[in-house]
Amino acid sequence: MYYDHNPVFPKGFFWGASSAAWQVEGGVAEGGRTPAIIDLNSKKKKPFADNTVAADHYHHYKEDVALMAECGFTSYRFSLSWSRIIPGPDRKVSEEGLAFYNGLINELVAHNITPIVTLYHYDMPVWVDEKYGGWHNRAIIDEFEYYCKVCFENFGDRVKYWLSINEQNMQIVYGDWLGVSKGCTNWFVEQWQINHIMNLCHAKAVIACHEMVEGGKIGPVPGYVPIYPETCRPEDQIGAMNAEEFTEKIWCDTYAYGEYSNFVKKYWKDNGIDPKILPGDEELMKAAKIDFFAVNCYRSNTGKFAPHDAEAGAYILNASGVKGNLKFPTVPGVYALTVNPYVEYTDWDWEIDPSSIRYATRYMWDHYHLPMVITENGFGAHEHKDAEGKIHDEYRIKFLRETIYQLGLAIEDGVEIFGYNPWSFTDLLSTGNGMAKRYGLVYIDTTDEEQVAANYDLSKLSMGRIRKDSFYWYSKLIKSNGQDWGTDMSHYQK
Ligand code: BG6
């Protein structure tokens, strides 16, 4: 496609950024909050970093919202901590927990920033995990529904955009990473049973939102990584399609249509997998009509054919001219992921591919015809202050500029997208790399090492907020509703 103009973003487009409670808040033992499973991960599982302090948003939220307003935000996507709101098995709602989120929501509303709120972002309360054994037990469905209803009841007058479960697909595909597979003895089978329970939790949240929140809209948050075929060899095309199915499409199909696709049902049958679907479950899923998709998209992957006798699991590829650390999963007989020689990679081997967001949103639009909001995208990097205490993150500006332009081109292509919320506003904890992998438009003046040395004592930590160069660049772009790119973009108009 060739366009002779820069993309035009719709009036009222949501420009903001994104976070998750456990990665940004800190204050883990304050306001009555009890531990979440992810806190334990962050203490024991390396390279996870301790989230006791994180970005200390818990104490800095007013300053953070003021900075968002200064930047020109019209939206902010964040998550609620279940164990801050319901700290124990007696289901007693914490007034202090509600007060914290009411304070944050009121502050956003006062600055004309629309809250977009995730109900669940990896932080199951430890008490839920202990009582039910995590996601394995159907009893969690009722507990999750109760929690969602508390949220809708208390925040639904001001929060109209809700997100159910963050990256359910990635939690299943990489079950070990975020602890979802804990306690499983046969993950091959149990992942589908857990996934089914999560689908029912999602469905309950969707239905309750529509019943309880006047004008409320709700959607799921798939982590979307488009899969390009390695070559035009037909086998590689099918391998890429298989990868697409098994990492994201199965989930998106289920959310959009409220039923499992033939593809996954046949796969279960062929492999003797019983996902334990009970009478009434499919009706519940069907009744949960989502309003939009929230899309997390950082990069693309490349897929290819994998012979049925290929070695399973991750392997290390040492392609010449490419970083030597790339790890790609192989699923024998289904697909293998591989290196893409046409893109560069971040320090953490993530493909730097601004076009992936255009591909992802076009693909999603073609399949589901539902509006989308981008709830994550971004560039993780090692960063340090220079001698003047500034952070010159020109690589992030380049990445954001090209990505947002591609998103604009998707809109020009006819895709309905109503907002862009990159990860993240301030630096916050990366899932596995703590503060070492920074994503923010605003630098947080702390490091994992300083936090350890200070024994997580806030009185010994600066936690200052420093606007990065990307903050100023993004501010100009969003205040002009996506017109002031800071440079000539005509070479991108295709
Ligand atoms: C998304 C998650 O998948 O990726 C976030 O929703 C996460 O929680 C983000 O932080 C970036 O990944 P990472 O591993 O670099 O923190």
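The values are calculated or read from the model by the stated rules, or taken from the named source; none is laboratory data. Quick caveat, the model's predicted, so the values are computed rather than measured. Quick reminder, even Gly has a Cβ in these numbers, built from the backbone with ideal geometry, and neighbours come from all protein chains shown. Protein only, heavy atoms only, side chains kept; ligands, DNA and RNA dropped before computing areas. Shrake-Rupley method; radii C 1.70, N 1.55, O 1.52, S 1.80 Å.
Within the shell defined by Cβ-Cβ distances under 12 Å, the residues around residue 128 carry a net charge of -3, with Lys and Arg each +1 and Asp and Glu each -1. Note on residue 11: lysines with a C-alpha under 18 Å away, same-chain residues under 8 apart excluded, are 476, 479.
Each 10 Å bin from zero up to the one holding the largest Cα-Cα distance in segment 220-294 carries the following percent of pairs: 17, 40, 32, 9, 1.
Computed from the Cα positions only, the extents of segment 1-70 along the three principal axes stand at 54, 30, 15 Å, in decreasing order.
Compute the signed sum of charges (Lys and Arg +1, Asp and Glu -1) over the other residues within less than 14 Å, Cβ to Cβ, of residue 393. Mind showing how you got there, number by number?
Working: positive: 385, 390, 396, 398, 401, 437, 438, 467, 468; negative: 347, 383, 386, 394, 427, 469.
Local net charge: +3.
All C-alpha pair distances within segment 338-389, sorted into 10 Å bins from zero, spread as 18, 36, 28, 13, 4, 0 percent across the bins. Placing one equal scatterer on every Cα of segment 320-470 and applying the Debye formula, the log10 ratio I(q)/I(0) at q = 0.15, 0.18 Å⁻¹ is -0.94, -1.16. Would you compute the Debye intensity of segment 75-229 from its alpha-carbon atoms alone, equal scatterers and no solvent, and pass along log10 I(q)/I(0) at q = 0.12, 0.13, 0.17, 0.19 Å⁻¹ to two decimals? Normalising to I(0) and taking log10 leaves -0.52, -0.61, -1.00, -1.21.
Based on protein heavy atoms only, the chain ends up with 39 Å² per residue of surface accessible to a 1.4 Å probe. In percent, rounded to a whole number, the relative contact order of the chain is 18, using alpha-carbon pairs under 8 Å and six or more apart.
Cross-link check: pairs 149/217; 44/460; 44/92; 46/249; 204/286 evaluated at a Cα-Cα cut-off of 19 Å; pairs beyond the cut-off: 44/460; 44/92; 46/249.
The per residue volume of the convex hull around the alpha-carbon atoms of segment 162-318 is 143 Å³. With N the number of residues in the chain, Rg(Cα) / (2.2 N^0.38 Å) evaluates to 0.93. Cα convex hull, segment 211-261: 93 Å³ per residue, rounded to a whole number.
Computed from point charges on the beta carbon alone (+1 for Lys and Arg, -1 for Asp and Glu), the dipole magnitude for the chain about its Cα centre is near 180 Debye. Positive-end ranking of 54, 422, 200 along the dipole of the chain, with charges on Cβ about the Cα centre, is headed by 200. Placing +1 on the Cβ of every Lys and Arg and -1 on the Cβ of every Asp and Glu, with no other charges, gives segment 12-137 a dipole of roughly 420 debye about its Cα centre. Taking the charge dipole of the chain about its Cα centre, with +1 at Lys and Arg Cβ atoms and -1 at Asp and Glu Cβ atoms, the residue from 8, 122, 177 reaching farthest to the positive side is 8. Here segment 160-253 is assigned +1 on the Cβ of each Lys and Arg and -1 on the Cβ of each Asp and Glu. Its dipole about the Cα centre then comes out at about 360 debye. Each Lys or Arg adds one and each Asp or Glu subtracts one; over the other residues with Cβ under 10 Å from the Cβ of residue 47, this totals +2. Note on segment 1-156: semi-axes of the ellipsoid equivalent to its C-alpha gyration tensor, largest first and rounded to whole Å, are 31, 18, 17.
At 222 nm, what helix-only mean residue ellipticity would the chain give, in deg cm²/dmol to the nearest 500, using -39500 (n - 2.57) for each DSSP H run of four or more? Helices in the chain give a 222 nm mean residue ellipticity of -11500 deg cm²/dmol. Using the Stokes-Einstein relation with a Kirkwood hydrodynamic radius computed over Cα pairs, the translational diffusion coefficient of segment 394-494 at 25 °C and a viscosity of 0.890 mPa s comes to 158 µm²/s. When the P(r) is computed for segment 65-131, the part past 14 Å accounts for 62% of the Cα-Cα pairs.
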